[in-house]
Amino acid sequence: MQRNYNHTTIVTIEKVIDETPTVRTLVFSDDVMPSVLPGQFAMVWIPGINELPMSVMISDESGKAAFTVRKHGVASTGLFNVKVGQQIGIRGPYGNSFDLKEGKLLLVGGGTGLVPMMRLLTHVKHTDDVTVLIGAKSKNEVFFEELANRLLTNNTHKVIVSTDDGSYGEKGFVTDLVEKHLNQTKYDAVYVCGPEIMMYKTVQSAHSRGVFVQASLERMMKCGVGICGSCCMGEDLVCKDGTVFDGEHLSQNKEFGNYHRNKAGILENY
Ligand SMILES: Cc1cc2nc3c(=O)[nH]c(=O)nc-3n(C[C@H](O)[C@H](O)[C@H](O)COP(=O)(O)OP(=O)(O)OC[C@H]3O[C@@H](n4cnc5c(N)ncnc54)[C@H](O)[C@@H]3O)c2cc1C
Ligand code: FES
């Protein structure tokens, strides 16, 4: 029988990988999640705790997918603490995906925003020249650098890390690196996922130069399917109209980079 994507499927965690002191990857087997498109997400039920939207991470092993979670509040810490053999629920995949261009590509990821970027790397053509910029607060919060290099073995590529405190890679915000690269190179497309202020600056930098850019947004989500309205950003429902939006569209949206909605749906400044 065909799977109903809106019904929760129970999966068992088979492996837990510590990426940093606050980030873990939980690997599981599934029929659907290994082949989602870059940018798509799942709603993840942590029994007895809550349900959260999560980008679907790739796995080295066929038939498997993963979630890479940073412990933050109650729900993400509950997921972070799930052990091998424990079960979680998944529904989806939901949302659209990146529009894949060819040529010189610039990928920008901050924190767990790197998850959709890793999946995007599995879709690039061997002829693409790919630069990946990874932003982190400090050295012990850097992850997926080695994975990005491995996924791009057959491409002309660069993977560059920046840390806010300069403890690893280049010192400063990743958005400074974005400016530098956009000044030096004519890219065919820029893709970004991470904290909204990082996405806002990256979108502005690329769009103002006329470079095609797309961002995968993270907003408060409850239903994940366009019913509850908790993810609205102006006229857009991030779960249904996105999560991927292009720079032209985002430049018209007054909430992007400026306001978000809290759990009660009230607009707050970033
Ligand atoms: C499309 C998408 C993909 C994401 N992918 C990842 C990922 O790969 N890895 C990762 O670590 N995080 C990801 N997030 C963020 C994640 O869903 C949580 O927002 C984050 O982990 C913080 O949740 P929390 O409940 O621990 O923290 P808190 O900020 O303390 O949240 C408190 C409460 O607010 C609610 N809440 C907060 N944020 C959300 C939300 N976005 N949706 C629903 N309820 C929320 C919950 O009820 C929670 O109990 C993604 C978010 C989106 C929208
Ligand atoms: S999360 Fe409910 S409408 Fe988007």
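The values are calculated or read from the model by the stated rules, or taken from the named source; none is laboratory data. Remember, predicted model here, so these are calculated numbers, not experimental data. Counting neighbours? That spans all protein chains shown, and the Cβs are built from the backbone with ideal geometry, glycine included. Just so you know, the surface numbers come from the protein's heavy atoms only, side chains and all, with ligands and any DNA or RNA stripped out. Shrake-Rupley method; radii C 1.70, N 1.55, O 1.52, S 1.80 Å.
Within the chain, which is the longest segment that contains none of the GluC sites (Glu not before Pro) sitting in a DSSP loop with at most 14 other Cβ atoms within 10 Å? Answer from the scan: 103-234. Counting every alpha-carbon pair across the range 1-141, the share separated by more than 27 Å comes to 21%. Counted over the range 1-158, the DSSP beta bridges are approximately 75% antiparallel.
For SER35, the solvent-accessible surface with a 1.4 Å probe is about 90 Å², rounded to the nearest 10.
Could I get the Rg over Rh figure for the range 188-233? Both from C-alpha atoms, Rh via Kirkwood, rounded to two places. Over the Cα atoms of the range 188-233, Rg/Rh equals 1.09. A compact globular protein would have a Cα radius of gyration near 2.2 N^0.38 Å; the ratio found for the range 46-87 is 1.21. Taking the Cα centre of the chain as origin, sum charge times position over the Cβ atoms of Lys and Arg (+1) and Asp and Glu (-1), and report the length of that vector in debye to the nearest 20. Using Cβ point charges on Lys, Arg, Asp and Glu, the chain gives about 300 debye. In this simple spin-label approximation, SER29 and THR122 carry label points 7 Å from Cα along the Cα→Cβ vector, and these lie 1.7 nm apart. Against the compact-protein benchmark of 2.2 N^0.38 Å, the Cα-based radius of gyration of the range 138-259 scales to 1.17. Three principal axis extents of the range 64-108 based on alpha-carbon atoms, in descending order, are 42, 21, 18 Å.
For the range 131-182, the fraction of C-alpha pairs more than 15 angstrom apart is 43%.
I need the shape label for the range 18-70. Rule: rounded when a/c is under 1.5, else prolate if a/b > b/c, else oblate, with a, b, c from the alpha carbon gyration tensor. Verdict is oblate for the range 18-70. Working value for the chain: equivalent-ellipsoid semi-axes of 27, 22, 18 Å, each the square root of 5 times a Cα gyration tensor eigenvalue, largest first.
Relative contact order of the range 120-270, taken over Cα pairs closer than 8 Å and 6 or more residues apart, is 15 percent. Based on Cα atoms of the range 78-134, Rg over Rh with Rh as the Kirkwood radius reads 1.09. Simple rule: put +1 on each Lys or Arg Cβ and -1 on each Asp or Glu Cβ in the range 94-221, find the dipole, and look at MET220, HIS126, TYR191; the Cα lying farthest toward the positive end is HIS126.
Averaged over every viewing direction, what's the projected area of the C-alpha convex hull for the range 69-187? Give it in nm², one decimal, please. With every direction weighted equally, the projected area is 9.1 nm².
DSSP finds beta bridges in the chain, and of those with both partners inside it, around 60 percent are antiparallel.
So what is the relative contact order for the chain, in percent, with contacts set as C-alpha pairs under 8 Å and at least six apart?
16
When the surface is traced with a 1.4 Å probe over the full set of protein chains, THR185 keeps roughly 40 Å² accessible. Restricting the calculation to Cα atoms, every distinct pair contributes to the Kirkwood radius of the range 7-47, found to be 12.0 Å. Note on LYS158 and GLN87: their simple-model spin labels are 4.9 nm apart, each label 7 Å out from Cα toward Cβ.
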